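Below: the structure, in structure tokens.
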Amino acid sequence: MKKQTKYIFVTGGVVSGIGKGIAAASIGLILKSAGYNVDAIKFDPYLNIDPGTMSPFEHGEVYVLDDGSETDLDLGHYERYLDVNLTGSSSVTAGKIYDKIIKGEREGSFLGKNVQLIPHVTNQIKEAFVENNKDYDIRIIEIGGSSGDMEGEIFLESFRQFKTQNPSDVYHVHLGYIPFLACSGEYKSKPMQRSIRELLRSGLQPDLLICRSEATSERPLNKEVLDKIALFSNLKPENVISLPDLDSIYSVPVFLKNTTIAQNLSNFIGKKVDFNLPKFYAKFDHLNQNKNCKVGLVVKYTRLEDSYLSVIEALKAASVDSGYNLEIKLIDSSSDDLIDQIDEVDAIIVPGGFGRRGMDGKIKAIKHVRETKKPFLGICLGLQMAVIEFARNECGLDVYSREMFDEDGKTKKINKDMIVDYMIGQEDIRKKGGTMRLGGYDCQLEKGTEIAKLFGNSTNIRERHRHRLEVQNQFVPDLEKNGMKISGKFFFDKKSKEYLVEMIELEKSKHPYFVATQSHPEFLSRPHKPHPLFVGLIKSIKK
Ligand code: GLN
């Protein structure tokens, strides 16, 4: 371990889904704003190597890093709050740890030894705590799951050993939930106490507690409850912070400013923590713009808002930047009143997606916004559908995406013109993890296009990808002849003319904003630096 780095571990208890990632990212942001160099790692106790193969029902959004790692959505919070580009070593699952151990065992690294949870697995986890440390002052380490979960025990045990070995460099924040019982009109501290008891039983004494609740000014969480929790946890009242539900996730660091957090962090670091949050956060906390806008996301599953988390955050950032109060509506692309629903919003996004379900509706939605000149941004699958729509309705081509004919993850051999098709070699490998076109790729923008203007006339940008299919270049002349511009291209190498279609647009004289990208711009948007394609969409809304 490098001497100067301090480690802040964040664990959770009582229930999941109380915003451990946001709290951890907020602590990181506070420290970064106080001038420290901060990074973050998320440990997930599941056995998948990464969430790349999980369905959105299981996992929500898969967040993609520049190096191509497919990670948990909390990595998105870290990149956004800390304004950093993380790497795969910031996303560790039990699957990754065990995979290394078992591969090592087969290679003979443990020759002659009985390979055991302790010390072999715990050593591997402790190595991951300190891996890839580029001289960070502070590293935030979030342990997924809740205290008491059987599958998280090995991570907590590794943390215990690490804390014992580095007592003055490790700080433990535990986040739990205090439920309100409506029938008796009281907050109940017992579940929180139990979650702390679980930690104490594992040999872990937290240094700071963050108590989440639904407290409001009408229904305050009184101090006695918090003091009681402090007493049960061997802590002082100032080591227990109440964090109620807030209007926005960006209000969390602003709220924490008025708590004892700075004092607690200062005591740990041994220096005063004076934090100075970026202005965006305060702006978001008192959001009261004079214009409203409503953006529709035309999607396959309207119940799965978490699948579009980064798209939603990117939209929020762009709307705050343009002075709008934003309302987002998830529109089911298979619904009968699809067109009516689109007519109610000011702009639409067709975001990324997998599988053929809902594709026809997406094409119908894109045709409608193209014809009615409503601002449109297509992302990944959204670009593929926009190209099909334009080719069919403006170029008179009878074309398809190969994904429309997939069955059980197998490509059916169909004798039709595929304007969107698998890259050579990608046809039959869809079941394996980490095999798509993943991560950051350079994109060359065509000078003078609307998209290049949005990027401040830069011609070389970099965008993140996660897809398997590509627009087929033999159709490009037809698209261009009829007015679709290929504004962004990825060239295989500097000398070759061979490229992949990365971004498309219609001229401003034909449509106020008809833009699509094969990449995922949402992963590059930051709260205070919204991505140009989202800004372009919001700015083109006419009021
Ligand atoms: N399913 C499409 C592909 O694999 C689009 C993927 C996406 O939208 N992320 O190419």
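The values are calculated or read from the model by the stated rules, or taken from the named source; none is laboratory data. Remember, predicted model here, so these are calculated numbers, not experimental data. Cβ: placed from backbone, ideal geometry, glycine included. Neighbour counts: every protein chain shown. Each accessible area value is taken on the protein alone, full model and side chains, heavy atoms only, with ligands, DNA and RNA left out. Shrake-Rupley method; radii C 1.70, N 1.55, O 1.52, S 1.80 Å.
For segment 298-310, does any single residue satisfy the condition of being within 21 Å of the chain's Cα centre (by Cα), part of a helix (DSSP H, G or I) and among the aliphatic types (A, V, I, L, M)?
yes
Quick one: which strands (runs of 3 or more DSSP E) lie wholly within segment 440-502 and hold at least 1 residues that are more than 16 Å from the ligand (Cβ to nearest atom) and over 21 Å from Asp421 (Cβ atoms)?
460-467, 484-491
Give me the residue from segment 461-480 that is in contact with a Lys or Arg (Cβ under 9 Å, 6 or more places away or on another chain) and not aliphatic (A, V, I, L, M) and, out of that set, nearest to Pro521 (Cα to Cα).
So the residue we want is His465.
Looking at segment 360-388, which of its residues are near the ligand (Cβ under 10 Å from one of its atoms) and either free of Cβ contacts under 8 Å to residues at least 40 places away in the same chain or surrounded by fewer than 22 Cβ atoms within 10 Å (Cβ to Cβ) (or both)?
Met385
When both residues are 6+ apart or on different chains and their Cβ atoms are under 6 Å apart, which pairs have a first residue that lies in segment 198-217 and is touching a residue at least 60 places away in the same chain (Cβ under 8 Å), and a second that is of a type in the set (S, T, N, Q) and assigned to a loop (DSSP other than H, G, I, E, B)?
Final answer for the pair search is Glu198/Ser147; Leu199/Ser147.
For segment 390-412, enumerate the residues that are within 15 Å of the ligand (Cβ to nearest atom) and open to solvent by less than 10 Å² (accessible area, probe 1.4 Å).
Ser401
Condition first: among the β-branched types (Val, Ile, Thr) and not in a helix (DSSP H, G or I). Now tell me which residues in segment 200-259 satisfy that.
Answer for segment 200-259, where residues must be among the β-branched types (Val, Ile, Thr) and not in a helix (DSSP H, G or I): Ile210, Thr216, Val240, Ile241, Ile249, Thr259.
Considering segment 331-359 alone, what residues qualify as being open to solvent by 10 Å² or more (accessible area, probe 1.4 Å) and within 16 Å of the ligand (Cβ to nearest atom)?
Result: Gly352, Gly353, Phe354, Gly355, Arg356, Arg357, Gly358.
Among the numbered conditions (1) more than 24 Å from the chain's Cα centre (by Cα); (2) more than 30 Å from Leu479 (Cβ to Cβ); (3) of a type in the set (S, T, N, Q), tell me where Ser319 comes up short.
Evaluating Ser319 over (1) more than 24 Å from the chain's Cα centre (by Cα); (2) more than 30 Å from Leu479 (Cβ to Cβ); (3) of a type in the set (S, T, N, Q) leaves (1) as the failure.
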